[in-house]
Amino acid sequence: MSMTDGPTPLPEAAAAQAAADREAVTAGPGSSVTPEKRGRPGVFGAWGERWNALSRQQQWAFLIVVVILAYMLPLINPPIITTEPGNNFALACFDMARFALIAVGLNVVVGYAGLLDLGYVAFFAVGSYCAAMLTSPDSPFLHIPYLWTIPIAMTVTMFFGVVLGVPTLRLRGDYLAIVTLGFGEIVRILATIIPAMKGQVGFQNVGHPPGTEADGTPIFSNSNGVPWYWLTLSIIIVITLLVGNLERSRVGRAWIAIREDEDAAEIMGVPTFKYKVWAFAIGAAIGGLSGALFAGQVGFVNNQKFDVTTSILFLAAVVLGGAGNKVGAILGGALVSYIPLRFTAVAEYKYLIFGIALVLIMIFRSQGLLPARQRLLAYGRTAYQRVTQKDSTGPSSAGTPPAAGPGQDQNREKGVQA
Amino acid sequence: MLPLLVQLPPMENDWISFDVPSLMQNFWSATFDGLTFGAIYALVALGYTLVYGVLNLINFAHSEVFIVGCYAVFFTLSGLGFGPSAPRLDFWSIVLNLVLALVVAMVASALTAFVLERVAYRPLRKRNAPRLVFLITAIGASFTIQYLIYLWRGPSPELAVTMFRPTPIFDVFGTIVDSQQLVIIIAAVIMMVGTERFIRKSRTGRGIRAVAQDPDTATLMGVNKERIIITTFLIGGVLAGAAALFYVMKIPSGVQYSGGFVLGIKAFAAAVLGGIGNVRGALLGGLLLGLIGNYGQILLGNSQWTDVVAFVILVLVLLLRPQGILGTSLGRSKA
Amino acid sequence: MSQDDRLPAGSRDAAQPEAAAQAGPDVDALAEAGIESELAEKVAPDRDIAAKVGENIVEVKDLTIKFGGLVALDNVSFDIRRGEILGLIGPNGAGKTTCFNAMTGVYKPTAGQVVLEGQVINGLKQHKITRLGLSRTFQNIRLFGEMTALENVVVGLDARHRTSVGGALLRLPTHVREEKSAIERGMALLDFVGIADHAHFLSRHLPYGYQRRLEIARALATDPKVLCLDEPAAGFNPAEKEELMALIRTIRDEGYTILLIEHDMKLVMGVTDRIVVLEFGKKIADGLPRAIREDPRVVAAYLGEPEDDVA
């Protein structure tokens, strides 16, 4: 690989690493500095380079077009892409958005912090039940407007995330995997055996956001996917921006450091346990959020909707898109939902397909479609230029590195990379 | 569920109640049944423990190694004419049939474990992949096998294959111990003791312990690490195959594509309870978990509580004593 | 930028000529041959220790560590004084790294105390110890491979940051300010160790020598009172070692206190102000390099076990 060839001058390096650099689709203002970090060239490497070559105005214009297109998607109903006649396209869009949102949440846990959460569906389920039990007429509890259940669902799932995370996150990552796997199953069992959760009978007529059409039917009806899709898409944009903020902060750095070398991170002053719990809780909250949306759209929640296998689909979404990459997660989530909806012939095989995909991706391309890109340190370029300029003007320059030339160092690199 | 807690008190008795009299009444039968299940858990737990000891990896697909064994038992026995009702055969024919099924199950499970190791894990080891990659591969492999079976056999359980009618053997505290329980417990314990002795005494066993302790040094000392790893997977597979036979013996209609999943989690919980990586720990953890699960089930009055109880135990062990009861690792233990 | 005060631009300039002046090919050849007594002749120019070295900043008191029945460290006591470079040396298996790990919280001592500026730090969580001012590098490099060099350093700087998760989530102004200053300071630190032009390389793609330097920069980023270097020259050739010695001296001159574990006697003698010698988990000597070199017990310890300085 070209990257091991010793020090490349930065401009070249920047071009090389522009690969896979499409994060800015969702990035906040802070990250719109031209990316300059190294990354492995991805499938979309060429696009990334082209993206990088654009000016900021062009990038923003492009982003706005993409977002508008995304909003228009169910209305345009493009011929080849559409999932009809097999599945209503607007509902399919909502399902894709739902999966994408879940993948964004799971990506925080798996992609950034490197914690394997195999029971993510449980948080999704808790969120769904929160929405259902607080709005459905079948529920004996107090009823509140649907939109209020969304923050409540997030809070409650976050609480569950902390309760589950605290005992397990002190231990090695493997334990978390098995405990979350068990938790996914337990939530389903509890929904069955706790009468208040009404087992298979479930909750009908789960609430939805307010508003009616002219003819009195609710805007957010179960059969009309468009408003639900727009709502979910808007939420995805907000969540991705917020997650992006975290990603580019000390929090995101702590997560990546934990993923890379937990002991070293701890010794470098990162409170690893705290940040692991945060990652887990934030992931859980996003799972709960998507669960509440799902409950609202479907309008019916029972214990049959949340089997553990669905968790593996979520995991496949993150891994397929590229663990550690927000845009990858959105793409992966949408794909995992889209493929069985579009190609109904293979729908029956979806679990098998994504199971095999997991193994194959891990063996042959563990970075997924869009590799994790380096988190931008906003302002990094300016600081870099300041330093290099100082160096190039200064008489006794530190720009000439004191260590021996790269040629010598290369020989030892092999050992280091292991 | 927070609001649920607020309003729960009036309905508390609805979903959880402690049926102590029932437990007292059935204590000994629950004990023997629990030990039977525990022996099965322990055999599967050994597979987790051995692989964990050597590779430091939770082999999520081990539950599928087990379920493949169950299908092997099912096909062998139904091929031999076994069905929902116990066949009228003389003692030795039954033994012969069961031994045949056992061997087929062991071979099938071991083969699955072998393929798994070669296809899924080995390429990752070769390139020194990070742990997360191993775990995701493991879960992906588990998922793949599960759904291959699903597509082949469908979602419903297979027809029951009853091996023999349990006959009462002796009486303890007014509770009858039947031949089935006795066969399972004794056979499982023999197998585990055999495994333990194998790991302690044999040359290969020493190799396993050496690799568990320090793979690099072991390799330097002339241990063939790859061979040891594959042997470990094979041993785990063979034991899972045996567990499969006993499982089908105990629950004749329990052969189902998803059957390995919950049992796998319980077996893993057993391994953690006893001390993961510890061979004796797997036995102890398995038996304990079988007992606690069974008591819990009777106490709480619903068979699904066994799973919840097993899970709660797993979390509690991790919280209070993550190294498990016996604690030592495969490498360090004398076993 | 006020944080950069400790790193005046001129510091590097002093470092490099010094390094160049000290590198003599014949000495290096001897180093390669491993001829100990010859190398020890090359002692650092004597400096006025009293002026540079202040009161005790770290006190290691009767530190004992047992692994099962094995006593890895037996009642070891020594002090680190403010502003000095203290060398911790000893033959293989003498307990140097164990001592190091006990000080930085990796191992819990069986008995004894580690006191940093009057506060007992053993038993604290590792990240707390780091924040209290004890930072370290690793013998076998442990960078965050998928992060750039700059990001690695900023992780170290984060140890001094106050932004909460909420603040980061909403990009509050304090957070933005912190990020900005972290990047500036991170670049300054990379510049200080001489790898600023590689700031945006993934750390696993850096050449070996740069990785070692990056580790030092990352440890410095936590703003330590005591910087602990665990065999920083392992795997270096003699020329690189000279440069490293210069860097370490420069760091000391910036006002940092340094604990240096090193195998290579030449490096130790050349750079340290004071030396503590361990053998079989016990302290056998403690003093100025010149005295240590002549200490018969130290000589015996090292002659008994020929040194191999290629880790």
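The values are calculated or read from the model by the stated rules, or taken from the named source; none is laboratory data. The structure presented is a predicted model; accordingly, all values stated were derived computationally and were not measured. So basically every Cβ, Gly included, is an ideal-geometry build from the backbone, and we count neighbours across all protein chains shown.
Worth pointing out:
- When residues of segment B:231-264 are limited to those that are outside any helix (DSSP H, G or I) and of a type in the set (A, V, I, L, M, F, W, C), the one nearest to B:Tyr41 (Cα to Cα): B:Ile251
- Counting the residues of segment A:292-326 that are surrounded by fewer than 24 Cβ atoms within 10 Å (Cβ to Cβ) and within 9 Å of the chain's Cα centre (by Cα) gives 0.
- Residues that are facing chain B (nearest Cβ under 8 Å) and either of a type in the set (Phe, Trp, Tyr) or under 30 Å from A:Asp261 (Cα atoms) (or both), drawn from segment A:133-154: A:Phe141
- Considering residues of segment A:194-232 that are farther than 22 Å from A:Leu69 by Cα and outside any loop (DSSP other than H, G, I, E, B) only, the residue modelled with the highest pLDDT: A:Phe203
- Some residue of segment C:135-151 being assigned to a helix (DSSP H, G or I), more than 30 Å from B:Ala129 (Cβ to Cβ) and at the interface with another protein chain (Cβ under 7 Å from one of its Cβ atoms): no
- Counting only helices (runs of 4 or more DSSP H) wholly contained in segment A:288-360, the ones carrying 3 or more residues that are of a type in the set (Val, Ile, Thr) occupy A:308-321, A:326-342.
- With respect to the conditions (1) touching a helix residue (DSSP H, G or I) at 6+ places or on another chain (Cβ under 6 Å); (2) small (Gly, Ala, Ser); (3) facing chain A (nearest Cβ under 8 Å), C:Ala219 falls short on a single one, namely (1).
- Filter result for the condition that a residue is surrounded by 24 or more Cβ atoms within 10 Å (Cβ to Cβ) and β-branched (Val, Ile, Thr), over C:Val153, C:Val176: C:Val153
- Residues satisfying the stated conditions in segment C:69-116, i.e. surrounded by fewer than 16 Cβ atoms within 10 Å (Cβ to Cβ) and either within 14 Å of chain A (Cβ to nearest Cβ) or on the phi > 0 side of the Ramachandran plot (or both): C:Asn75, C:Gly93
- Among the residues of segment A:373-388, none qualifies, meaning not one is among the β-branched types (Val, Ile, Thr), touching a helix residue (DSSP H, G or I) at 6+ places or on another chain (Cβ under 6 Å), at pLDDT below 90 and within 30 Å of B:Val119 (Cβ to Cβ).
- Test: B:Thr306 is among the polar types (S, T, N, Q), over 30 Å from B:Ser22 (Cβ atoms) and in a helix (DSSP H, G or I): no
- Elements of type helices (runs of 4 or more DSSP H) in segment C:191-285, at least 3 residues being over 27 Å from C:Val58 (Cα atoms): C:208-221, C:238-253
- First in segment B:181-197 and over 20 Å from B:Leu291 (Cβ atoms), second anywhere and modelled with pLDDT of 90 or more and part of a helix (DSSP H, G or I), Cβ under 7 Å, 6 or more apart: B:Thr195/B:Leu46; B:Thr195/B:Ile235; B:Thr195/B:Leu239
- C:Ala196, sole failed condition from (1) facing chain A (nearest Cβ under 7 Å); (2) of a type outside the set (D, E, K, R); (3) closer than 18 Å to A:Ile256 by Cβ: (3)
- C:Asn122 meets all of the listed conditions (1) touching a helix residue (DSSP H, G or I) at 6+ places or on another chain (Cβ under 9 Å); (2) in contact (Cβ under 8 Å) with a residue 12 or more places away in the chain; (3) within 14 Å of another protein chain (Cβ to nearest Cβ); (4) of a type in the set (S, T, N, Q) but one, namely (3).
- Residue tally, condition touching a strand residue (DSSP E or B) at 6+ places or on another chain (Cβ under 6 Å) and of a type in the set (A, V, I, L, M), over segment C:133-158: 1
- Selection status of A:Arg259, under 19 Å from A:Ala329 (Cβ atoms), among the charged types (D, E, K, R), within 14 Å of chain C (Cβ to nearest Cβ) and surrounded by fewer than 24 Cβ atoms within 10 Å (Cβ to Cβ): no
- Across segment A:118-132, the qualifying residues are those that are within 11 Å of chain B (Cβ to nearest Cβ) and modelled with pLDDT of 90 or more, and the one among them that is surrounded by the fewest Cβ atoms within 10 Å (Cβ to Cβ) is A:Val126.
- Every residue from segment A:163-200 that is closer than 12 Å to A:Asn302 by Cα, within 8 Å of chain B (Cβ to nearest Cβ) and among the polar types (S, T, N, Q): A:Thr192
- Of the listed requirements (1) within 20 Å of A:Asn302 (Cα to Cα); (2) surrounded by fewer than 18 Cβ atoms within 10 Å (Cβ to Cβ); (3) in contact with a strand residue (DSSP E or B) (Cβ under 6 Å, 6 or more places away or on another chain), A:Phe203 misses just one: (2).
- Matching option when the condition is acidic (Asp, Glu), closer than 27 Å to C:Glu179 by Cβ and in the same structural domain as A:Gly161 (by TED's automatic domain parsing), among A:Glu348, A:Glu260: A:Glu260
- Within segment A:218-242, residues that are of a type in the set (Gly, Ala, Ser) reach partners that are in a helix (DSSP H, G or I) with beta carbons closer than 7 Å, at six or more positions or on different chains, in the pairs A:Gly225/A:Pro74; A:Gly225/A:Ala90; A:Gly225/A:Leu91; A:Gly225/A:Cys93; A:Gly225/A:Phe94.
- The residues on offer are B:Val95, B:Val107, B:Val54, B:Val65, and the sole one that is at pLDDT 90 or above, more than 15 Å from the chain's Cα centre (by Cα) and not polar (S, T, N, Q) is B:Val107.
- Qualifying position, being among the aromatic types (Phe, Trp, Tyr) and crowded, with 22+ Cβ neighbours inside 10 Å, among A:Tyr71, A:Tyr112: A:Tyr112
Listed here are the residues, each with its yes/no results for (1) within 14 Å of chain A (Cβ to nearest Cβ); (2) within 20 Å of the chain's Cα centre (by Cα); (3) part of a strand (DSSP E or B); (4) at pLDDT below 90.
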residue: B:Phe114; (1), (2), (3), (4): no, yes, no, no
residue: B:Pro123; (1), (2), (3), (4): yes, no, no, no
residue: B:Leu159; (1), (2), (3), (4): no, no, no, yes
residue: B:Met191; (1), (2), (3), (4): no, yes, no, no
residue: B:Arg197; (1), (2), (3), (4): no, yes, no, no
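- Residue match in segment A:86-104 (condition: farther than 19 Å from A:Ser337 by Cβ, in contact (Cβ under 8 Å) with a residue 60 or more places away in the chain and aliphatic (A, V, I, L, M)): no
- Screening A:Ala264 on (1) within 14 Å of chain C (Cβ to nearest Cβ); (2) under 24 Å from A:Met154 (Cα atoms) shows it passes everything except condition (2).
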